[in-house]
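The values are calculated or read from the model by the stated rules, or taken from the named source; none is laboratory data. Remember, predicted model here, so these are calculated numbers, not experimental data. With ideal geometry, Cβ positions are generated from the backbone for all residues, glycine too; neighbour counts draw on all protein chains shown.
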Amino acid sequence: MTDSPPMSPPLLHYREYGRLRAWKPSLLFLHGLFGSAANWRSIARHFEADWHVVVPDLRNHGESFHDEQISYPLMSEDLRLLVDHLALPQVVPVGHSMGGKVAMTLALRQPDGVAALGVVDIAPVAYPNRFASVLNAMAELERRQPSDRRQATDWLARCVGDRGVAAYLLQNLRRDAAGRWRWRLNLSALSRHIDAIGGFPGDLCTHPPRLPAAFIHGTRSEYLDSEGQAAARRCFPLACFYPIPEAGHWVYAERPEAFVHALNGFLADTV
């Protein structure tokens with residue numbers, strides 16, 4: 001009797017735009033908590049003429065695999081496996097919110113494979129848990145099984161207090177083969193590890209890489225305050241900051257042209 005070969009680690013679901021160029025790194029756009037690759041579609045289209053762009057669904061999100069464990073080292077390892085699978089010599093990870101922390105973790109753990117770094121409205125610090133009530137509302141919605149999507153939107157909007165946030169979350173609601181509403185997100189894993197998602201593995205910053213890093217943030221957002229900027233400089237001594245006026249946390253969705261202009265300028269200067 002022979003031993004079975006070890007199972008290959010699961011690969012993230014991803015979308016590709018543009019074509020790979022041997023002399024240029026690929027851009028990796030990484031979504032935030034409760035998001036998916038679809039969030040970056042319009043931004044990826046802006047860059048596909050000049051860049052090879054890869055946009056994955058992170059673990060427990062979108063079409064990617066579910067796993068009961070979730071942490072920034074694990075998510076950065078998922079990315080490394082995807083980069084190896086696609087045979088990408090170097091990448092520029094550009095991540096929003098949770099995706100920004102994944103991008104930073106990848107850059108700190110695998111600096112040789114990262115040409116530059118883009119972080120969107122987040123810092124390498126721990127934030128208070130603001131999502132417990134949202135996760136509870138999402139779980140309750142699945143238990144209630146609304147009659148249609150409109151009823152789901154009305155109910156969730158009342159719970160979270162914002163119809164736009166409800167619509168964003170409901171991009172993840174699907175009917176299964178039996179006709180029941182199910183979340184694509186792994187709510188149980190996200191709920192159990194929400195404190196880790198809000199945190200950051202600060203021990204990675206003991207040997208900060210001298211890597212070009214753009215921190216693009218909204219002036220109406222509090223996620224990248226003076227303390228967050230100081231932490232960003234400790235982890236990435238070459239950090240540059242690009243404030244986007246009149247934008248909140250959803251910088252690339254609220255001010256897409258300004259976001260593209262800032263990221264293009266950074267890439268032209270550093271890559």
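So, in region 230-271, exactly how many residues are of a type in the set (Ser, Thr, Tyr) and surrounded by fewer than 21 Cβ atoms within 10 Å (Cβ to Cβ)? Break it down into steps so the answer makes sense when it comes.
In the first step, residues of region 230-271 are kept if they are of a type in the set (Ser, Thr, Tyr); the result is 242, 252, 270.
Filter once more, keeping what is surrounded by fewer than 21 Cβ atoms within 10 Å (Cβ to Cβ): 242, 270.
Counting residues in region 230-271 that are of a type in the set (Ser, Thr, Tyr) and surrounded by fewer than 21 Cβ atoms within 10 Å (Cβ to Cβ) gives 2.
Condition check: in contact with an Asp or Glu (Cβ under 7 Å, 6 or more places away or on another chain), modelled with pLDDT of 90 or more and of a type in the set (Gly, Ala, Ser). Does Ser36 satisfy that? Explain how you work it out, then say what you get.
On the way: in contact with an Asp or Glu (Cβ under 7 Å, 6 or more places away or on another chain): yes; modelled with pLDDT of 90 or more: yes; of a type in the set (Gly, Ala, Ser): yes.
When the stated conditions are applied, Ser36 passes them.
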Kindly check whether there is at least one residue in region 105-125 that is without any contact (Cβ under 8 Å) to a residue 24 or more places away in the chain, in the same structural domain as Cys205 (by TED's automatic domain parsing) and within 30 Å of Ser26 (Cα to Cα).
yes
Note down all Cβ pairs under 7 Å where the first residue falls in region 227-251 and is at positive phi, the second is basic (Lys, Arg), and they're at least six residues apart or on different chains.
Glu246/Arg220; Glu246/Arg255
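Matching residues to (1) assigned by TED's automatic domain parsing to the domain that holds Phe266; (2) buried (at least 19 other Cβ atoms within 10 Å of the Cβ):
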| position | (1), (2) |
| --- | --- |
| Gln171 | no, no |
| Asp176 | no, no |
| Arg180 | no, no |
| Pro212 | yes, yes |
| Phe215 | yes, yes |
| Tyr223 | yes, no |
Note on Phe200: of the conditions (1) crowded, with 18+ Cβ neighbours inside 10 Å; (2) closer than 21 Å to Asn136 by Cα, unmet is (2)
Quick one: is Ala49 closer than 19 Å to Ala268 by Cβ and in a loop (DSSP other than H, G, I, E, B)?
yes
